[in-house]
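What follows is a short report on a single structure.
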Amino acid sequence: MNKFWTIFKREYLTRVKTKGFIIGTTLTPLFIVAITIGPGLLINLKTEKIRNYAVVDLSQIVYQPLVRTLDDTSKTGERLYQFNRVETTPEELETTKNQLNREVDKGEIDGYFIIPDDVFETNLVDYYAKSVSNFDQILMYRSAISKIIVDHRITQSNLDPQIINQLTKGVHLKTFKIEKGGAEKEDVGLSFAVTFIMVMFLYMALIMYGVFVMRSVYEEKTSRVVEVLVSSCKPFQLMAGKVLGMGAVGLTQYLIWALVAGLLTLYSTPIISMFASSASSVPIPTIPIAVLVYFVIFFVLGYLLYATLYAMLGSMVNTDQDAQQLQFPVMMLIILAFFFAFYIIKNPDATLSKVTSLIPFFAPITMFTRISVQTPPFSKILLSLIILVVTIAVFIWLAGKIFRIGILMYGKRPTLPEVLNWLKY
């Protein structure tokens, strides 16, 4: 047991002292801070650039309402959107466009609109500018012109546009999630975001830390360090120390991130309030304690399953190429589970969702997703955990047999019959 703890501590301390661990652990919370505060800053970040546009209004109807509609002003009271009407005829339109293109190219105007005389029949308006990548701005122009066109049609039909707007006003749909016991909780879609982020963390952790275990075994095997280690401890102790040591590294990193996330949950609104007056209306998502507990459980079990598989693969390979080829099938299992999670988020009660949450290779991600979205009966969760634990026990037994032989085998990559033959010893 002492030898196991020696390997465990060596693996843990070696990893947590690396620059990669320190930088990754530090930068990730900073990234979380950025995405927490960033939206509040960007929402209130408005450029007050004065924009000059030319308007060729062949309909003789749209120009004046457009000027009245887009009447935003800067802090100094100057209009942000300044329009200049350009008179022309359909016959001279091409000549006018060429002249306006030159003005845009020289920076004399920011762009121009061509409103044809049959705009009420064709519903087409042309907009020309050097840059058409500001989609919010383009949508604003389209919305303003569309409203002018619609209001004119209503007026021409001897109807009151205001009455029509009232009659056709949309409905705001508030969503409430019914939790266990019949409690109601307003949900504006943040539960999806929280679920997606936590599933993404699971997905990344299973791949990242599993590959770390494989590379650690493979590197010590190729450098012959493992021969020294095996001479002083049993191969199974070496494998267990590496797997659990790396798992402790992962838990340490996630604990730090969880503490940062918890602090941000408490203090993000006051911080954003310093920059955004509407911060008080921004809902802060809360994660039930049960979901956090299940996250830790499925992280630990999922890690044990895949880290054992990766350690087994690491003991079988001798080159980087072999390692990449053998890890692909294991990685595909994790990727498939991640894809199934998207389906489960939308269809938590579907047959496919129920089946995949019981398959041990998918369960760490798929069952956790079901729990986060719509918690299934505890009996189903327990069944999934039992299947997962039994599968882990079987693979630890298999990996132990393969690891103790493969770790000392050099040369060509073993074939499947050879690996199966190792299980007899």
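The values are calculated or read from the model by the stated rules, or taken from the named source; none is laboratory data. None of these values were measured; they are calculated from a predicted model. Positions of Cβ are backbone-derived with ideal geometry, glycine not excepted, and every protein chain shown enters the neighbour counts.
Check Ile22 against each of (1) modelled with pLDDT of 85 or more; (2) among the aliphatic types (A, V, I, L, M); (3) under 26 Å from Ser216 (Cβ atoms); (4) surrounded by 14 or more Cβ atoms within 10 Å (Cβ to Cβ) and name the one condition it does not meet.
For Ile22, the exception is condition (4).
Condition check: at negative phi, of a type in the set (D, E, K, R), crowded, with 17+ Cβ neighbours inside 10 Å and modelled with pLDDT under 85. Does Lys401 satisfy that?
yes
Would you please name the residue that is farthest from the chain's Cα centre (by Cα), looking only at residues in the stretch 371-390 that are surrounded by fewer than 21 Cβ atoms within 10 Å (Cβ to Cβ) and of a type in the set (S, T, N, Q)?
Among those residues, the one meeting the criterion is Ser379.
Conditions (1) surrounded by 17 or more Cβ atoms within 10 Å (Cβ to Cβ); (2) of a type outside the set (Ser, Thr, Tyr), marked per residue:
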position: Asn98; (1), (2): no, yes
position: Arg102; (1), (2): no, yes
position: Ile109; (1), (2): yes, yes
position: Val119; (1), (2): yes, yes
position: Ala129; (1), (2): yes, yes
position: Val132; (1), (2): no, yes
position: Met140; (1), (2): no, yes
position: Ser146; (1), (2): no, no
position: Ser157; (1), (2): no, no
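Could you identify the single residue in Ile334, Ile287, Ile359 that is assigned by TED's automatic domain parsing to the domain that holds Ser379 and more than 26 Å from Phe403 (Cβ to Cβ)?
From the options Ile334, Ile287, Ile359, the qualifying one is Ile287.
Sort through Ile145, Ile149 and tell me the only one that's under 20 Å from Arg85 (Cα atoms), in a helix (DSSP H, G or I) and over 38 Å from the mean Cα position of the chain (by Cα).
Ile149
Starting from residues that are in a helix (DSSP H, G or I) and surrounded by 11 or more Cβ atoms within 10 Å (Cβ to Cβ), keep the ones in the stretch 159-169 and report whichever is modelled with the highest pLDDT.
Step by step, filter the stretch 159-169, then rank; the result is Ile164.
Where the second residue is in a loop (DSSP other than H, G, I, E, B) and of a type outside the set (Val, Ile, Thr) and the first is touching a residue at least 60 places away in the same chain (Cβ under 8 Å) and not assigned by TED's automatic domain parsing to the domain that holds Asp117 and lies in the stretch 82-93, which pairs have Cβ atoms under 8 Å and are six or more apart or on separate chains?
No pair meets every condition.
Under 6 Å between Cβ atoms, at least 6 apart or on separate chains: pull out the pairs that start in the stretch 142-167 with a residue that is closer than 24 Å to Leu124 by Cβ and end on any residue that is hydroxyl-bearing (Ser, Thr, Tyr).
Here the result reads Ala144/Thr69, each pair linking the stretch 142-167 to a residue that is hydroxyl-bearing (Ser, Thr, Tyr).
Quickly run through the stretch 337-370 and pick out the residues that are over 19 Å from the mean Cα position of the chain (by Cα) and of a type in the set (Val, Ile, Thr).
Answer for the stretch 337-370, where residues must be over 19 Å from the mean Cα position of the chain (by Cα) and of a type in the set (Val, Ile, Thr): Thr351, Val355, Thr356, Ile359.
Kindly provide the set of residues from the stretch 370-425 that are of a type in the set (Ser, Thr, Tyr) and over 28 Å from Ser216 (Cα atoms), ordered by number.
Of everything in the stretch 370-425, those that are of a type in the set (Ser, Thr, Tyr) and over 28 Å from Ser216 (Cα atoms) turn out to be Ser372, Thr375, Ser379, Ser384.
Only one of these is in the same structural domain as Thr195 (by TED's automatic domain parsing), outside any helix (DSSP H, G or I) and among the polar types (S, T, N, Q): Thr375, Thr369. Name it.
Thr375
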